[in-house]
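Heads up: the structure comes next, in structure tokens.
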Amino acid sequence: MSIQSKAAREKFSRLRQALLQLLDEMRGLVEPFLSDRPVVKGTVYELKRKCGKPGCKCAQGQLHSRMVLSASERGKTRLRVIPRGFLVDIQKRVRRYQELRRARARVVEIHRQMLKVMDQMEAMRREELPSPGKDRNGSGDFRR
Ligand SMILES: [Zn+2]
């Protein structure tokens, strides 16, 4: 294959644009990794439960509510109660962590797409040396 026809040139140009766009997006994805602010792994949610004491308000349906951090550690999900006053801070750190994970997953995807585009571009540019005794009249053109 080589890039001589108009269609091939247009295809190559689209691949070039695609590659540059992927590179642009990659740059944005690296951004959150440049920060050194702390992150916390896990998810924050409200845990409602009954304590089991007879006569407690929770027995009548007013469940006890705690904010907890859920995170898997060595394959097990661990719940930790978030102390009062720490919720906003923890949530910020958790959001930062989740942003890193999302960006990382997208980097994997973009990386895969970039390699695919780069391979296509390389294939389009690739030429073979003419075999001896053939192509005497210029179909193997090496002047470019
Ligand atoms: Zn209770």
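Please list the three semi-axes, largest first and in whole Å, of the ellipsoid equivalent to the chain, using sqrt of 5 times the eigenvalues of its alpha carbon gyration tensor.
Values: eigenvalues 757, 44, 30 Å².
Output for the chain: semi-axes of 62, 15, 12 Å.
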Subject >> Relative counts (whole %) of C-alpha pair distances in the range 39-95, using bins that are 10 Å wide >> reply: 23, 40, 27, 10, 0
**OP:** Taking the Cα centre of the chain as origin, sum charge times position over the Cβ atoms of Lys and Arg (+1) and Asp and Glu (-1), and report the length of that vector in debye to the nearest 20.
**Re:** 1040
Original post:
Using modelled amide H (1.01 Å from N, peptide plane; none on Pro or chain starts), what sits under 5 Å from the amide H of L47, excluding residues fewer than 5 places away?
Top reply: R66, M67, V68
**OP:** Please tell me which of these pairs span more than 24 angstrom C-alpha to C-alpha: K41/K76; K41/K116; K50/K92; K53/K76?
**Re:** K41/K116; K50/K92; K53/K76
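Read-outs: derived from the displayed coordinates by stated rules, not from any lab. Treat the numbers as computed from the prediction; the structure is a model and nothing was measured. When we count neighbours, we look across all protein chains shown, and the Cβ atoms used for this are built from the backbone with ideal geometry, even at glycine.
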